[in-house]
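Asks: Following this message is one structure expressed as structure tokens.
The values are calculated or read from the model by the stated rules, or taken from the named source; none is laboratory data. Just so you know, these numbers come straight off a predicted model, no measurement behind them. In this analysis, Cβ positions are derived from the backbone assuming ideal geometry, glycine residues included, and neighbour counts consider all displayed protein chains. For the accessible areas, the whole protein counts, side chains as well, though only heavy atoms, and no ligand, DNA or RNA atoms are used. Shrake-Rupley method; radii C 1.70, N 1.55, O 1.52, S 1.80 Å.
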Amino acid sequence: MKSSRVRFILVSLTLLALGSILLVACQRPGTSTASASSNSTAASSTSTAATVHMGDANFLQSSVTLSKGSTLTLIDDAAVPHIVQNGSLVNGSAQPAAETGAPTGNVQFQGNDSQSVGPFNTAGTFHLYCTIHPNMNLTVVVQ
Ligand SMILES: [Cu+2]
């Protein structure tokens with residue numbers, strides 16, 4: 001009687017242990033993805049909803065990192081218009097570009113407004129500039 005009871009307890013414990021191992025194994029893909037994306041958030045401020053502010057004649061940061069498929073929100077903090085498009089300014093002269101995966105066309109700001117740009121569905125490095133202001137460049141890194 002006693003030995004069969006001990007055996008029953010041992011079998012139950014083994015099943016419990018196996019069950020919890022299986023649970024951990026099943027959760028592993030989700031947990032590792034979450035920790036990977038939070039790591040990159042800490043390292044380079046990767047986000048699914050990145051935001052860059054603009055001042056009187058500049059972007060308030062020179063580069064932003066987005067995760068693939070996400071949209072960039074540009075916020076005009078000044079009462080000044082901006083016209084943002086693909087390309088860059090080199091020594092104040094406009095070099096329009098047509099980078100594959102970059103947004104096409106102008107994104108226009110009247111002042112104290114915001115627009116979303118994208119989505120950026122291709123990984124890579126893209127360049128945006130303002131056609132009004134002579135040194136207003138933004139590098140967009142999509143990962
Ligand atoms: Cu501008």
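Asks: Filter the strands (runs of 3 or more DSSP E) completely within segment 100-143 down to those with at least 3 residues that are over 12 Å from Leu74 (Cβ atoms) and of a type in the set (D, E, K, R).
Replies: Counting at least 3 such residues, we get no strands (runs of 3 or more DSSP E) at all.
Asks: The conditions are (1) free of Cβ contacts under 8 Å to residues at least 40 places away in the same chain; (2) open to solvent by 60 Å² or more (accessible area, probe 1.4 Å), and Ser93 fails exactly one of them. Which is it?
Replies: Every condition holds for Ser93 apart from (2).
Asks: Next question, about the same structure. Could you give every pair whose Cβ atoms fall below 7 Å, whose first residue belongs to segment 108-134 and is closer than 13 Å to Gly55 by Cα, and whose second residue is surrounded by 19 or more Cβ atoms within 10 Å (Cβ to Cβ) and of a type in the set (D, E, K, R), counting only separations of at least 6 or pairs across chains?
Replies: Every condition considered, the pairs that remain are Phe109/Asp76; Gly111/Asp76; Asn112/Asp76; Asp113/Asp76; Ser114/Asp76.
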